[in-house]
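Q: For reference, the structure I am asking about is given below.
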Amino acid sequence: MMHLALSLTCALALVTGALAVPSQHLDTRQQPFKSTAITDFAEPWAFAFLPDNRILVTERRGNLRIVDPTTKSKGTITGVPAVAYSGQGGLHDIALHPQYAENSIVYISYAESGSGGAGGAVARAKLTLTASGGALSDLVVIWRHSQRASGGLQYALRLLFGPDGTLWISSGEINQMTPAQSMTTNLGKVIRLYDNGTAFAGNPFASQGGVQAQIWSLGHRNPLGIDWDAQGRLWEVEMGPMGGDELNLIQSGANYGWPLVCEGKHYDGRTIPKHSTRPDFNAPKAFWVPVISPAGLIIYKGSLFSSWKGNAIITGLSSQSIVRATISGDTAQEAQRISMGKRMRGIREDKDGAIWVIEDGAGGRLLKLTPN
Ligand SMILES: *[C@@H]1O[C@H](CO)[C@@H](O)[C@H](O)[C@H]1NC(C)=O
């Protein structure tokens with residue numbers, strides 16, 4: 001019985017792989033790294049490394065956890081505000097302030113309920129740690145989606161600090177589509193703020209004031225991953241609808257076209273004009289049809305995985321994979337797709353160049369990846 005189940009699983013995996021992935025991308029022999037499981041979480045979304053080597057992990061229902069990877073003991077950080085746990089929403093990302101070692105400030109992003117449904121929010125708070133857990137205090141919401149919607153979809157809300165200490169937020173369009181093109185909302189945008197939530201003065205529409213002043217780029221759908229390359233350029237991955245996941249090079253004031261152009265189709269089968277029809281919009285540097293469902297992105301900077309330096313490493317949900325794309329100048333190309341057998345959610349690189357990923361869903365594990 002066990003043997004039969006195993007054979008069926010293998011056969012299914014092969015069929016799915018062959019349908020979804022061009023064969024040159026499949027490494028069917030073995031994963032090119034050693035994977036060490038730390039522990040599991042309840043619907044984890046994101047994680048962040050603390051200076052004391054412990055790791056903060058968000059769980060979508062609104063729990064902030066802390067884990068010591070050496071002892072594998074888990075604790076809880078209290079003081080997370082109520083989150084709108086519904087659809088894809090809940091507690092999302094966590095990031096440390098660039099001067100965390102001096103000020104103990106952390107940032108969280110989450111979906112919150114209000115009139116009209118739910119929308120995204122970003123808050124900063126002081127983190128006080130104990131031996132087994134900790135607490136958030138002095139929490140202040142510094143940014144909100146300017147519209148709410150029901151349905152709980154496509155909040156995105158990845159947080160990233162730039163080398164200059166400004167805060168970047170990848171703002172999803174919460175499945176409302178057209179607001180991604182509207183300059184009177186902050187849905188479907190890449191946002192750049194000071195650490196206190198004020199719009200960055202160097203933003204392309206800063207002189208317009210209001211919500212426009214926050215906007216760095218527009219025309220995004222569900223931008224779930226952002227990271228810097230070694231030259232200081234910002235890369236982003238976003239989920240398309242049925243087909244059309246994108247890896248974009250993000251430029252000040254640029255429009256990435258959603259929902260007017262896309263390499264994919266709407267879920268009901270309606271076609272969408274391709275990027276080639278609108279050269280005035282920035283086209284993706286790589287795209288995926290069928291989708292990989294990109295949920296996280298790093299541009300690898302370490303030397304542990306020496307041949308991966310400068311590559312985009314993307315975690316995939318529906319593809320249950322880690323996708324590696326090479327970047328050359330301002331072009332990018334998928335180079336490898338590593339089957340993980342689980343929906344992959346978050347990804348970060350530690351100071352030693354090890355890659356950490358976290359699985360999606362109930363019992364999602366935090367994994368440390370090091371070369372074989
Ligand atoms: C936020 O920070 C910026 C940059 O440091 C500063 O210019 C601005 O006055 C601050 N805003 C508030 C409301 O404190």
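The values are calculated or read from the model by the stated rules, or taken from the named source; none is laboratory data. Keep in mind that what you see is a predicted model, and the values were worked out from it rather than measured. Positions of Cβ are backbone-derived with ideal geometry, glycine not excepted, and every protein chain shown enters the neighbour counts.
Q: If we keep just the residues of region 203-221 that are closer than 18 Å to Asn282 by Cβ and small (Gly, Ala, Ser), which is farthest from the ligand (Cβ to nearest atom)?
A: Looking at the filtered set, the residue picked out is Gly219.
Q: A further question follows. Within region 33-44, is even one residue modelled with pLDDT under 95, of a type in the set (Ser, Thr, Tyr) and surrounded by fewer than 19 Cβ atoms within 10 Å (Cβ to Cβ)?
A: There is no residue in region 33-44 that is modelled with pLDDT under 95, of a type in the set (Ser, Thr, Tyr) and surrounded by fewer than 19 Cβ atoms within 10 Å (Cβ to Cβ).
Q: Next question, about the same structure. Take the residues of region 189-202 that are without any contact (Cβ under 8 Å) to a residue 40 or more places away in the chain and in contact with a helix residue (DSSP H, G or I) (Cβ under 8 Å, 6 or more places away or on another chain): which is farthest from the ligand (Cβ to nearest atom)?
A: Result: Lys189.
Q: So, in region 322-352, of the ones that are of a type in the set (Gly, Ala, Ser) and in contact with a helix residue (DSSP H, G or I) (Cβ under 9 Å, 6 or more places away or on another chain), which residue ends up farthest from Ile250 (Cα to Cα)?
A: Per the criteria, the residue is Gly341.
Q: Can you pull out every residue in region 151-188 that is within 13 Å of the ligand (Cβ to nearest atom) and in contact with an Asp or Glu (Cβ under 9 Å, 6 or more places away or on another chain)?
A: The answer is Gly165, Thr166, Leu167.
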